[in-house]
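Asks: Below are the structure tokens for one structure; questions will follow.
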Amino acid sequence: MSEAALTIFRDARKAHNEGSAGIARRQCRRLTDQIAYVRAHSRYYRELYQHLPEHIEDVTLLPVTNKQKLMERFDDWVTDPELTLEKVRAHTDDPDRVGEKLLGRYGRYTVTTSSGTSGRRTLFVMSETTRTTAFTVALRGMSSALTPSTIFKLLAGRWRTAMIVPIGGHFASHVVAVQQRDASPMVAKRIFPETMPLPELVDQLNAFRPLAS
């Protein structure tokens, strides 16, 4: 686990111990920090929030937007000027780049897309901070499943994980599955397409014998 993830994990545990008051303080502080940040770095949000007071602690005061407006003004609402709609679309149009980071030598962003069933494909861009936070929250949610037997198998190098996800695009579950598989070469992880016929999927899972799926 990275140092950033450990920091988030410790803070989450501290917030839990502090109760509702501690959680409310963090929510308020992070809301004001986020609003100040987007006002400083996003043209779109600077315009959207121009009539709001400088300090906001009530999320209901924020004007509502939607994914259609954000997609139409993608280059205006992102807070990194290097992150353009053209670059993101070029990335997601290439099926060979599923799981690959965007921008920089080692990549700064994870890019995923919606399925497009609503008639318009939406693009989602996650920073490393966002990914780390999501990973930490998921790990806390899995804590009840980490039994002594599971932990022993993990420490013994017998952690085998099967991931059943939709493939054929930069869908979030597929992208995350590829990144997790490539980040842990010492751990046996296999990705199975959700469209695989059930009898074949069952046979392959039985042959692979994952510890978790």
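The values are calculated or read from the model by the stated rules, or taken from the named source; none is laboratory data. All figures in this text were calculated on a predicted structure; none of them were measured in a lab. No Cβ is skipped: glycine too gets one built from the backbone with ideal geometry, and neighbour counts run over all protein chains shown. Accessible surface areas use protein heavy atoms only, side chains included; no ligands, DNA or RNA. Shrake-Rupley method; radii C 1.70, N 1.55, O 1.52, S 1.80 Å.
Asks: Within the set of pairs 6 or more residues apart or between chains, which connect a residue that is more than 14 Å from ASP58 (Cα to Cα) and among the β-branched types (Val, Ile, Thr) inside region 15-38 to a residue that is at pLDDT below 90 and surrounded by 12 or more Cβ atoms within 10 Å (Cβ to Cβ) with Cβ atoms less than 9 Å apart?
Replies: Once the first residue is more than 14 Å from ASP58 (Cα to Cα) and among the β-branched types (Val, Ile, Thr) and sits in region 15-38, its partners that are at pLDDT below 90 and surrounded by 12 or more Cβ atoms within 10 Å (Cβ to Cβ) give ILE23/ALA15.
Asks: Also: Which condition number in (1) touching an Asp or Glu at 6+ places or on another chain (Cβ under 9 Å); (2) without any contact (Cβ under 8 Å) to a residue 60 or more places away in the chain is the one that LEU48 fails?
Replies: It fails just one condition, (1).
Asks: Within region 80-91, can you find the residues that are open to solvent by less than 90 Å² (accessible area, probe 1.4 Å) and under 15 Å from VAL38 (Cβ atoms)?
Replies: ASP80, LEU83, listed by residue number.
Asks: Separate question: Among the numbered conditions (1) open to solvent by 50 Å² or more (accessible area, probe 1.4 Å); (2) part of a strand (DSSP E or B), tell me where SER118 comes up short.
Replies: Only one criterion is unmet by SER118, namely (2).
Asks: Among what's in region 149-164 and is of a type in the set (A, V, I, L, M, F, W, C) and modelled with pLDDT under 65, pick the residue that is surrounded by the most Cβ atoms within 10 Å (Cβ to Cβ).
Replies: Result: LEU154.
Asks: If you don't mind, there's one more thing I want to ask. Step by step: first the residues of region 121-148, then only those that are assigned to a loop (DSSP other than H, G, I, E, B) and in contact with a strand residue (DSSP E or B) (Cβ under 8 Å, 6 or more places away or on another chain), then the one that is modelled with the highest pLDDT. Which residue is that? Give the derivation first.
Replies: First, pick out the residues of region 121-148 that are assigned to a loop (DSSP other than H, G, I, E, B): 121-122, 146-147.
Narrowing further to those that are in contact with a strand residue (DSSP E or B) (Cβ under 8 Å, 6 or more places away or on another chain): 121-122.
Numbers: ARG121: 80, THR122: 87.
Once the filter is applied, the top-ranked residue is THR122.
Asks: Scan the helices (runs of 4 or more DSSP H) fully inside region 1-81 and keep the ones with 2 or more residues being of a type in the set (Phe, Trp, Tyr) and under 20 Å from the mean Cα position of the chain (by Cα). Before the answer, list the steps.
Replies: Details: elements: 3-18, 20-41, 43-48, 67-72, 74-77.
Once the helices (runs of 4 or more DSSP H) in region 1-81 are filtered for at least 2 residues that are of a type in the set (Phe, Trp, Tyr) and under 20 Å from the mean Cα position of the chain (by Cα), what remains is 74-77.
Asks: I need the full set of residues from region 50-79 which are open to solvent by 90 Å² or more (accessible area, probe 1.4 Å) and of a type outside the set (A, V, I, L, M, F, W, C), in order please.
Replies: Correct list: GLN50, HIS51, GLU54, HIS55, GLU57, THR60, LYS67, GLN68, LYS69, GLU72.
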